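**Student:** Structure in structure tokens, see below.
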Amino acid sequence: MRTFKADFHVHTVLSPCASLDMAPVKIIEKAVAEKIDILAITDHNSTLHCKLMCKLGKEAGIKVLPGVEITTKEEVHCLAFFETVETANIFQQIIEKHKPDIPNRKEIFGYQPVVDRDENILYEVDWLLISALSLNLGEAAEIVSMMNGIFVPAHIDRPSNSLLANLGFIPDNLKIDAVEISKSIDFNALLMKTPEIARYTVIRGSDAHCIEDIGSGFTMLYIENDDFDEIKMAFAAEAGRKVMALKK
Amino acid sequence: MNIAEIADRLNFEIVCGSTGKNNMVTWGYTSDMLSNVMGNASEGNLWITMQSHKNILAVALLKELSGIVLVNGHRPDTETVTQAEKEGVVILATDLPAFETAGRLYQLLKENEDIQS
Ligand SMILES: [Zn+2]
Ligand SMILES: [Zn+2]
């Protein structure tokens, strides 16, 4: 077994708040430059770029996890990762079923383009991707778990759109595989303030919205190879696989 | 004033946890961020929110709130209802948004204060 460097939280140009330079090819190039082995693509409430990103990742020798950053009914951001693009596509249908009727106003929120590898815009998503789905946190966690995915409340230290801020504390019996903390937060200080997180696997992602930020927050995994099952085992700390403790 | 009187006067529906309907209401508090409520609400406050997740019950118990009003026509999640009945946390519901709900509650509690003083 060896260590793998993972950035589990990266947006593409599809997210309205992401920089327009977050083009698929450029993201992969930067990930290669940052020596990232595993990259999760997590646009707001959409998996529509996952197929292309996985393909580009494969060509470049990087494991791309098809994923998403959903906004639950409670306005809590949660990351979900899936084994295959097909599973992510099924989850996309679930998102579509629970999406709100709020159109995007791109002059205010930004563009939501689905692009091809050459950065041609194929179409624009018309509903506002950062708005809340009608799925609650428990339901979302349950669905992702049933789909053999990985479910991780995002940036739990943040003062808004986070599990700890919006819901006060981590509910019992919630099916989560880990919690994510922001790239700049001092883990030990957070642990002092919120000792309950010691019960969970903790990862750090970059939450990159622009190219320079990719890899600025990362997590090291100790696993056999980059198969999804290995990553899952690391999250569960099974069979010697593990998520390495965060440095700071 | 207690929960039942307020529900009656402001036309709030008592959805669950009706064993708490005689709780006295000291004042109101409005927020959808549970962390904020945990930090700032006081004992006996009637909490106005649109959050329907079961964590609202733990917050209400922790802060010894008199009850919870769900606004904008929101209803408690299924798990929330079951647990509210068990814990005796009274949840009210109204179709009004938070602003109007708080405004009417404020006025009612103020009037009541004046009558008593
Ligand atoms: Zn987020
Ligand atoms: Zn994000």
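No value in this document is a laboratory result; all are computed from the given coordinates. None of these values were measured; they are calculated from a predicted model. Here the Cβ positions follow ideal geometry from the backbone for every residue, glycine too, while neighbour counts run over all protein chains shown.
**Student:** In sequence order, what are the phi-derived ³J(HN,Hα) couplings for region B:8-13 according to the Karplus relation 6.51 cos²θ - 1.76 cosθ + 1.60 with θ = phi - 60°, rounded to whole Hz, with x for glycine and proline?
**Tutor:** Coupling constants for region B:8-13: 5, 5, 9, 6, 8, 8 Hz.
**Student:** Could you give the length gained on full extension between B:E79 and B:L62, defined as 0.36 nm per residue of separation minus the Cα-Cα distance, in nm?
**Tutor:** Taking B:E79 through B:L62 to full extension adds about 4.3 nm, to one decimal.
**Student:** Can you give the local net charge around B:E43? Use residues other than it whose beta-carbon is closer than 13 angstrom to its beta-carbon, Lys and Arg +1, Asp and Glu -1.
**Tutor:** Counting the neighbours of B:E43, the net charge comes to 0.
**Student:** Per DSSP helix of 4 or more residues, -39500 (n - 2.57); summed, then divided by the residues of chain A. What does that give at 222 nm, rounded to the nearest 500?
**Tutor:** -7500 deg cm²/dmol
**Student:** Considering amide H positions built from the backbone, and no H for Pro or chain starts, which residues 5 or more places from B:G28, or on another chain, come under 5 Å of its amide H?
**Tutor:** B:L46
**Student:** Whose amide H sits under 5 Å from the amide H of B:V15, counting only residues 5 or more places off or on another chain, with H placed in the peptide plane?
**Tutor:** Excluding prolines and chain starts, which carry no amide H, the hits are B:I91, B:L92, B:A93.
**Student:** How many nm separate the modelled label positions at A:V25 and A:D126, each set 7 Å beyond the Cα in the direction of the Cβ?
**Tutor:** Calculated label separation equals 3.1 nm.
**Student:** Hey, can you rank A:127-139, A:167-179 by average C-beta count inside 10 Å, highest first?
**Tutor:** A:127-139, A:167-179
**Student:** Among all the lysines, which ones have a C-alpha under 17 Å from B:K86's C-alpha, if same-chain residues fewer than 8 places away are not counted?
**Tutor:** B:K21, B:K54
**Student:** How large is ³J(HN,Hα), in whole Hz, for each residue of region B:86-98 in order, when computed from phi with the Karplus curve 6.51 cos²θ - 1.76 cosθ + 1.60 and θ = phi - 60°, using x for Gly and Pro?
**Tutor:** Result, ordered by residue: 5, 8, x, 8, 7, 10, 9, 9, 9, 7, 5, x, 4 Hz.
**Student:** So what are the ³J(HN,Hα) numbers for region A:162-175, from phi and the Karplus equation (6.51, -1.76, 1.60; θ = phi - 60°), rounded to whole Hz, Gly and Pro as x?
**Tutor:** So the Karplus estimates, Gly and Pro as x, are 10, 4, 6, 6, 6, 10, x, 6, 7, x, 5, 6, 7, 7 Hz.
**Student:** How large is the Kirkwood hydrodynamic radius of the protein assembly as shown, counting all unique pairs of alpha carbons, in Å?
**Tutor:** 21.8
**Student:** Here's another thing I want to ask about it. Quick one: dipole size for the protein assembly as shown, taken about the Cα centre, charges +1 on Lys/Arg Cβ and -1 on Asp/Glu Cβ, in debye to the nearest 20.
**Tutor:** Once rounded to the nearest 20, the dipole reads 680 debye.
**Student:** Counting only Cα, what are the radius of gyration and maximum Cα-Cα distance Dmax of chain B, in Å?
**Tutor:** Just the Cα atoms of chain B yield Rg and Dmax of 12.7, 42 Å.
**Student:** Can you list residues from other chains, or at least 5 along the same chain, whose modelled amide H is less than 5 Å from the amide H of A:F8?
**Tutor:** Hits under the 5 Å cutoff: A:A40, A:S206, A:T219.
**Student:** Right, something else. With respect to the cross-link table entries A:K99/A:K242; A:K193/B:K63; A:K30/A:K106, which display a Cα-Cα separation exceeding 31 Å?
**Tutor:** A:K99/A:K242
**Student:** Given 20 °C and 1.002 mPa s, compute D for region A:1-59 with the Stokes-Einstein relation, Rh being the Kirkwood radius over Cα pairs; round to the nearest whole µm²/s.
**Tutor:** For the chosen part, D equals 181 µm²/s.
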